Amino acid sequence: MKAVADPVSLDQLADKKRLPVIPAGVAELISALSDESKGYRELADQIERFPTITARLIALVNSAWSNPATHITSLEQTCARLGLRIVRSVSISLAISDTFNPNRCPTFDSVYYWSDALLVADIASILVDTSGPPYQVDRGIVRSAALLHNLGLLFLVHHYPRQLDQSLLVYAQDRDHALNKIIKQQLGISPAQAGSFLANNWGLPEPIQITMSFYDDADYDEANWPLVATVALAIDCVSRLNREQEPTGDLLSVARGLFTDEGQIVELWPQFKRLQASTRELAQVVFS
């Protein structure tokens, strides 16, 4: 695998003013949507400040995918119909997705990307409910951190579509190598490094910043370690689901560090498979 002759650096991203501008109020929206104490009305009050997100949520709730008995026009009814899990994840995804333009990278599949991100978020939030003390973390934060963990990939696809297209083609032909390592070798910067830079400059909540920086570091054991480890485990679960593999070996070894009983992963696997199918359908409706 040939390394890039002129590698990209984080300084280059800053110097060239390549940093996408997060829409006004989105950082605050992410914080609000990460607070699981908020109900339908409170979430609707937060989301209605973003007309585009509101319109797309109402379109989603009235789609054939949702199939409501009557046409729904209010955001509060939309939240009640879709459920808080979907409203939180889809709203954050929509708030972020329009910041990037991946269309110049032919190999990049936005539906696949967001399907995986949504599934990682769902699985991570389930793992939080399963983990034993003292490693319990906030479910709302872990959902948001899991959903946004791979924004660095979108960042690089947005700014370096030709190079990322080549990396994705290499990965499609050789799935034995991790995509992040292929990108790092060919571009000179990894999605995790790009994501860390992005999260810091956007001023995202610190736990989300840390997760975006270290989700791909198997040796990370510092601040918010249980959060990062939970997201990393969810990512591994999704990778295995995509490969139609079962939860064995090193995945159970990682789970052993978080759970009272690692066998819970095996018990949850059928639920994860069902989530995989439903999440793909949701991503197809929202992001196609």
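Of the residues ILE141, ILE210, ILE265, the one that moves most in a GNM of the chain with alpha-carbon contacts below 10 Å is ILE265. Here the 3J(HN,Hα) profile of the stretch 283-288, calculated from phi with Karplus coefficients 6.51, -1.76 and 1.60 at θ = phi - 60°, is 4, 5, 6, 7, 10, 7 Hz, Gly and Pro shown as x. Reported to the nearest whole Å, the Cα centre-to-centre distance from the stretch 230-288 to the stretch 160-226 is 20. Of the GluC sites (Glu not before Pro) found in the stretch 231-288, those that fall in a DSSP loop while having at most 14 other beta-carbon atoms within 10 Å are GLU244.
Divide the volume of the convex hull of the Cα atoms of the chain by its number of residues and quote the answer in cubic angstrom per residue. Spell out each step's value before the answer.
Details: hull volume 38.0 nm³, N = 288.
Normalising the Cα hull of the chain by residue number yields 132 Å³.
Evaluate the stretch 210-288: find the radius of gyration of its Cα atoms, find its Kirkwood radius, and give the ratio Rg to Rh.
On the way: Rg = 13.8 Å, Rh = 13.7 Å.
Radius of gyration relative to Kirkwood radius: 1.01.
Shown is the FRET efficiency for GLN271 and GLU48, computed with R0 = 30 Å from the Cβ-Cβ distance and rounded to the nearest 0.05: 0.40.
Once Rh is set to the Kirkwood radius over Cα pairs, what Stokes-Einstein translational diffusion coefficient, in µm²/s, holds for the stretch 146-278 at a temperature of 37 °C and a viscosity of 0.692 mPa s? Kindly include the intermediate steps, with their values, before the conclusion.
Working: Rh = 15.9 Å.
Estimated diffusion coefficient is 206 µm²/s.
A simple rule links phi to the HN-Hα coupling: the Karplus curve 6.51 cos²θ - 1.76 cosθ + 1.60 with θ = phi - 60°, which for the stretch 271-282 gives 5, 4, 5, 5, 4, 4, 5, 5, 5, 4, 5, 5 Hz, with x for Gly and Pro. The alpha carbons of the stretch 121-191 stretch over 44, 26, 18 Å along the principal axes, in descending order. Note on the stretch 174-222: semi-axes of the ellipsoid equivalent to its C-alpha gyration tensor, largest first and rounded to whole Å, are 22, 13, 7.
Per DSSP H run of at least 4 residues, take -39500 (n - 2.57); add these up for the chain, divide by its residues and hand me the 222 nm value, nearest 500 deg cm²/dmol. Could the numbers behind the result be given before it?
On the way: 16 runs with 188 residues, N = 288.
-20000 deg cm²/dmol, from helical runs alone.
For the pair ARG104 and ASN200 in one chain, pulling the backbone fully straight at 0.36 nm per residue adds 32.0 nm over the alpha carbon distance.
Got the relative contact order for the chain handy, in percent, Cα pairs under 8 Å and 6 or more residues apart? Before the final figure, lay out each step's value.
Numbers: 359 pairs, mean separation 67.4, N = 288.
Value for the chain: 23 percent.
Here, the stretch 82-137 has an Rg and a Dmax of 14.5, 46 Å when only alpha carbons are counted.
Ordering 220-231, 185-196, 64-75 by mean Cβ neighbour count within 10 Å, with the highest value first, yields 185-196, 220-231, 64-75. Kirkwood hydrodynamic radius of the stretch 23-98, from the reciprocal of the average inverse Cα-Cα distance over all distinct pairs: 12.3 Å. As a proxy for reagent exposure, ARG243, ARG256 were ordered by neighbouring Cβ count within 10 angstrom, fewest first; the result is ARG243, ARG256.
Fewest first, what order do LEU169, LEU84, LEU127, LEU29 take by the number of other Cβ atoms within 10 Å? Kindly include the intermediate steps, with their values, before the conclusion.
Details: LEU169 13, LEU84 16, LEU127 26, LEU29 21.
Neighbour counts put them in this order, fewest first: LEU169, LEU84, LEU29, LEU127.
For ILE189, the amide hydrogen comes within under 5 Å of the amide hydrogens of VAL8, counting only partners 5 or more places away or on other chains and with H modelled in the peptide plane. Farthest toward the positive end of the dipole of the chain, out of PRO23, VAL142, THR211, is the Cα of PRO23, where the dipole comes from beta carbon charges about the Cα centre.
If we count other beta carbons within 10 Å of each Cβ, what is the order of TYR113, TYR215, TYR160, fewest first?
Ranking TYR113, TYR215, TYR160 by Cβ neighbours within 10 Å, fewest first, gives TYR113, TYR160, TYR215.
Each Lys and Arg Cβ is given +1 and each Asp and Glu Cβ -1; about its Cα centre, the chain then shows a dipole of about 880 debye.
The numbers here are math on the coordinates, done by the rules we state, and not lab data. From a predicted model like this one, the values you see are computed outputs, not experimental measurements. Glycine gets a Cβ as well: all are built from the backbone with ideal geometry, and neighbour counts include every protein chain shown.
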